[in-house]
Amino acid sequence: MKKAVFIFLMTALVLSPILAGGGSQQQGAAGTTSASGDNEFGVRRISERPITIRIFAPKGPEAPPYDQLPHFQRYSEYTNVFVNWEHVIPDNQMERINIILASRDLPDMFWNINNMAGAMVALRSANAIIPLQNHLTRENIPSLRRHLDDHPEMIRSIMEPDGNIWFLPFIDGLAVNNPTILRGDWLEQLGLPLPVTRDDWLRFWRGVRDNDVNGQGVGSVIPLSASSNTGFRTWSTAFGLIDGFYVDVRDGHRVKYSNIEPRYREFLEWGNMLWNENILDREFASITNTSFQQKNAQNLVASYRGTLNGNLNAFMLTVANNIPGYKLYGTQPPMDNDGTQLHWGTTEFVRLNNIGGVVTVTSRFPSESVRYTDWFYRWDAPYGGGFMNAFGIEGLTFEFTPDRSDFFFTDYVLRNPNGLSPTAVLYRHTTQGQHAGAVLTAEGSFKMWHPFTTEAFNRIEPFYSSSLAYRADNLPFTDAESREIRTRMADIQTYVDENVNNFIMGRTSLANFDAYVARVRAMGIDEVLRIYNNAYARWNSPRPSF
């Protein structure tokens with residue numbers, strides 16, 4: 001009870017300038033300033049009379065309802081746009097969308113749409129959403145337009161070749177992530193440099209396997225683990241491939257399916273060698289994130305592919321407290337024999353796995369709905385909507401340096417008195433931006449986190465542009481093409497996953513690789529590749545002026 005009262009009082013004190021309303025224009029970090037307006041947020045009224053819109057917005061269980069977030073409340077008061085939020089657990093999103101489409105009781109907007117589950121196809125097939133290009137004027141949504149001016153390559157991610165724009169994007173500035181992470185203290189015990197080539201990695205893996213680096217006996221360490229059952233397959237980049245569909249920059253920029261390429265057989269042979277040498281986690285094909293975290297906490301894991309903010313930063317702030325000398329180093333991409341260093345965790349700034357937001361055909365306020373999102377694309381500190389959804393409230397979750405040129409997380413976040421992780425704390429005060437808006441994380445967050453996180457980012461960031469050329473993620477498929485891909489790939493992916501694991505574990509001889517390829521072709525992969533290459537040509541075609 002005392003802790004709850006303390007947190008409530010501290011929050012009230014910190015938020016008092018916001019909840020009081022008004023306020024002068026403030027200078028943000030690094031010299032940024034807020035947009036013009038007569039309030040501390042620097043926003044103008046969107047509607048002269050109060051209006052209410054409905055927004056369907058999946059959110060995690062740790063995040064509070066958005067109408068309980070003080071900065072959301074104040075933003076509505078300033079703009080005269082109030083929101084009835086319809087929240088759903090992300091895992092239940094598709095089920096709920098199907099129910100809404102059947103009822104035709106559509107909200108004004110859908111946010112945070114799981115595109116991987118086919119939500120956009122469902123919405124467009126039902127004629128439930130409208131194109132937005134006529135609403136995306138510089139007057140209506142200047143913050144988004146500034147992002148597009150700064151990064152015009154993003155336009156092809158949101159605009160189809162015919163000029164239609166069907167969604168408001170989620171822009172993620174952390175477009176390079178997921179390095180291979182290793183135990184730096186064990187690397188130093190072995191007297192080895194950070195590995196780069198496949199041979200470098202073998203020396204490290206054999207070293208931790210054959211020495212008692214964790215004090216639990218020789219053979220207790222897992223040299224190479226993973227946080228998911230497909231984690232090891234990201235190592236195909238060490239052979240110039242991205243697991244699944246990728247653009248072969250060395251063969252006319254054709255889209256290929258790596259799992260049937262000759263070089264993928266080399267990767268499988270290498271994986272089988274790691275398996276036979278007891279380097280690869282024996283549970284790699286079935287491992288869950290929970291199981292992986294348990295092994296890591298037990299001081300058993302030497303290396304794995306992981307996120308910067310979760311599997312590196314969070315572990316350094318938690319696991320390191322229980323294991324003396326614990327260090328995690330993020331590494332640069334493994335080098336192929338020809339010198340290529342292809343980083344797997346590279347994406348476009350515009351994320352298409354999660355669509356930011358769409359406006360429905362029944363909305364009475366389409367223009368106002370679009371204008372409502374503009375604040376969430378602003379990154380000026382401390383009152384830009386995007387910034388607040390990432391870092392929260394000044395004085396509570398972050399503080400400025402004395403000259404206000406920099407900022408950092410508070411002890412309330414990093415060393416929470418209730419033992420919460422930094423992510424868990426932030427989810428109680430922010431949305432973390434998984435919706436229409438911008439999270440320019442690479443411009444600010446790492447300097448607030450563990451130095452090893454920043455070092456890891458700096459090792460992989462130089463490979464961003466060259467690696468992005470290999471990606472085939474944001475292609476403009478038609479609805480019919482998306483359905484065709486999903487239909488054919490359902491069986492193909494199941495067959496491929498089973499056989500890849502069997503090849504690696506030696507249950508199936510690689511002498512059967514050609515027969516496996518023939519079977520995948522018979523299941524229709526060439527037709528899928530035809531669709532991918534047509535979409536890739538459209539992706540690179542000119543867009544109308546915008």
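Based on this model, can you work out whether VAL319 counts as of a type in the set (A, V, I, L, M, F, W, C) and buried (at least 19 other Cβ atoms within 10 Å of the Cβ)? Here the answer is no, as VAL319 does not meet what is asked. Meeting the requirement of 2 or more residues that are of a type outside the set (Ser, Thr, Tyr), crowded, with 19+ Cβ neighbours inside 10 Å and modelled with pLDDT under 95, the helices (runs of 4 or more DSSP H) wholly within region 46-140 are 119-125.
Considering region 54-80, and only residues there that are aliphatic (A, V, I, L, M) and touching a Phe, Trp or Tyr at 6+ places or on another chain (Cβ under 8 Å), the residue that is nearest to ASP108 (Cα to Cα) turns out to be ILE55. Please go through region 145-191 and pick out each residue that is closer than 30 Å to PHE315 by Cα, in a helix (DSSP H, G or I) and of a type in the set (Asp, Glu). Listed by number, the residues that qualify are ASP185, GLU188.
A single member of ARG146, ARG209 is surrounded by fewer than 19 Cβ atoms within 10 Å (Cβ to Cβ) and among the basic types (Lys, Arg), and it is ARG146. Scoring LYS3 on the criteria (1) at pLDDT 75 or above; (2) of a type in the set (Lys, Arg); (3) outside any loop (DSSP other than H, G, I, E, B); (4) over 23 Å from GLN434 (Cα atoms) leaves a single failure, condition (1). Scanning region 390-444 for residues that are hydroxyl-bearing (Ser, Thr, Tyr), under 21 Å from TRP375 (Cα atoms) and in contact with a strand residue (DSSP E or B) (Cβ under 8 Å, 6 or more places away or on another chain) turns up THR397, THR441. Residues in region 386-406 that are in contact with a Ser or Thr (Cβ under 7 Å, 6 or more places away or on another chain) and either surrounded by fewer than 20 Cβ atoms within 10 Å (Cβ to Cβ) or more than 22 Å from ILE355 (Cα to Cα) (or both): GLY392, LEU396, THR397, PHE398, GLU399.
The set of residues in region 517-546 that are closer than 15 Å to ASP491 by Cβ and not in a helix (DSSP H, G or I) comprises MET523, GLY524.
Applying the criterion of being out of contact with any helix residue (DSSP H, G or I) (no Cβ under 8 Å at 6 or more places or on another chain) and not β-branched (Val, Ile, Thr) to the residues of region 488-506, the residue that is surrounded by the fewest Cβ atoms within 10 Å (Cβ to Cβ) is ALA490. Going by what's in this entry, would THR478 be described as at pLDDT below 95 and surrounded by fewer than 20 Cβ atoms within 10 Å (Cβ to Cβ)? Yes: the conditions hold for THR478.
If the condition is being assigned to a loop (DSSP other than H, G, I, E, B), out of contact with any helix residue (DSSP H, G or I) (no Cβ under 6 Å at 6 or more places or on another chain) and either in contact (Cβ under 8 Å) with a residue 40 or more places away in the chain or of a type outside the set (A, V, I, L, M) (or both), then region 208-224 contributes ASN211, ASP212, ASN214, GLY215, GLN216, GLY217, GLY219, SER220.
Of the strands (runs of 3 or more DSSP E) that lie entirely inside region 395-484, those containing 1 or more residues that are hydrophobic (A, V, I, L, M, F, W, C) and under 16 Å from the mean Cα position of the chain (by Cα) span 437-439.
Give region 266-290 a look and list any residue that's of a type in the set (A, V, I, L, M) and under 17 Å from PRO223 (Cβ atoms), or say none. Across region 266-290, the qualifying residues are MET273, LEU274, ILE279, LEU280, ALA285, ILE287.
The set of residues from region 407-428 being more than 24 Å from LYS59 (Cα to Cα) and surrounded by 15 or more Cβ atoms within 10 Å (Cβ to Cβ) comprises PHE407, PHE408, THR410. Among the candidates THR180, THR197, the residue that is at negative phi, modelled with pLDDT of 95 or more and surrounded by 17 or more Cβ atoms within 10 Å (Cβ to Cβ) is uniquely THR180.
Got at least one residue in region 213-235 being surrounded by fewer than 18 Cβ atoms within 10 Å (Cβ to Cβ) and within 21 Å of ILE525 (Cβ to Cβ)? Yes, some residue in region 213-235 is surrounded by fewer than 18 Cβ atoms within 10 Å (Cβ to Cβ) and within 21 Å of ILE525 (Cβ to Cβ). Scanning region 313-346 for residues that are within 24 Å of the chain's Cα centre (by Cα), among the small types (Gly, Ala, Ser) and more than 22 Å from VAL213 (Cβ to Cβ) yields ALA314, GLY345.
Just to be sure before I move on: is GLY386 small (Gly, Ala, Ser) and under 25 Å from PRO90 (Cα atoms) in the structure I sent? Judged against the criteria, GLY386 is a match.
Of the residues making up region 325-374, those that are aliphatic (A, V, I, L, M) and not in a helix (DSSP H, G or I) are LEU328, MET335, LEU342, VAL350, LEU352, ILE355, VAL358, VAL359, VAL361.
Just one of the numbered conditions (1) assigned to a loop (DSSP other than H, G, I, E, B); (2) under 27 Å from ALA117 (Cβ atoms); (3) without any contact (Cβ under 8 Å) to a residue 12 or more places away in the chain; (4) not β-branched (Val, Ile, Thr) is not true of GLU498: (1).
The values are calculated or read from the model by the stated rules, or taken from the named source; none is laboratory data. Since the model is a prediction, treat every value here as computed from it, not as a measurement. Ideal geometry is used to build each Cβ from the backbone, glycine not excepted, and the neighbour counts take in all protein chains shown.
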